[in-house]
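See below for the structure under consideration.
Since every read-out is calculated from the coordinates, none of them should be taken as a lab result. These figures come from a predicted structure and were not determined experimentally. So basically every Cβ, Gly included, is an ideal-geometry build from the backbone, and we count neighbours across all protein chains shown.
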Amino acid sequence: MKKIIRFIPFILTAICFISYNIKGSYIDTNGFLIEPFFLIPMAYIFFFVGIILNIILLIKNLNK
């Protein structure tokens, strides 16, 4: 179970980046750029949470 938990943030990171590329960006009729920019910071947050989680779990395993 712990091995699955380690990869969930990285899977969510990939989903965010893939969703951003699939959705794409466009310019509406008023000249505004429409893009799903919120997915980029979310992907970085998931990535860093995954790194921190793996470091914590590694330290716990080394202490055993």
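Things worth noting here:
- Label positions at residue 26 and residue 54, each projected 7 Å from the Cα along the C-beta direction, are separated by 3.7 nm.
- Within a straight-line Cα-Cα reach of under 21 Å, residue 3 can be paired with the following lysines, leaving aside sequence neighbours fewer than 8 residues apart in one chain: 60, 64.
- Cα point-scatterer Debye curve for the chain, base-10 log of I(q)/I(0) at q = 0.19 Å⁻¹: -0.74
- Based on DSSP H segments of at least four residues, each scored -39500 (n - 2.57), the chain has a per-residue ellipticity at 222 nm of -26000 deg cm²/dmol.
- Proxy reagent accessibility, fewest Cβ within 10 Å first, across 26, 44, 20: 26, 44, 20
- Sequence-separation-based contact order of the chain, relative, with Cα cut under 8 Å and 6+ spacing, percent: 39
- Rounded to the nearest 20 debye, the dipole size of the chain about its Cα centre is 640 debye, using +1 on the Cβ of Lys and Arg and -1 on the Cβ of Asp and Glu.
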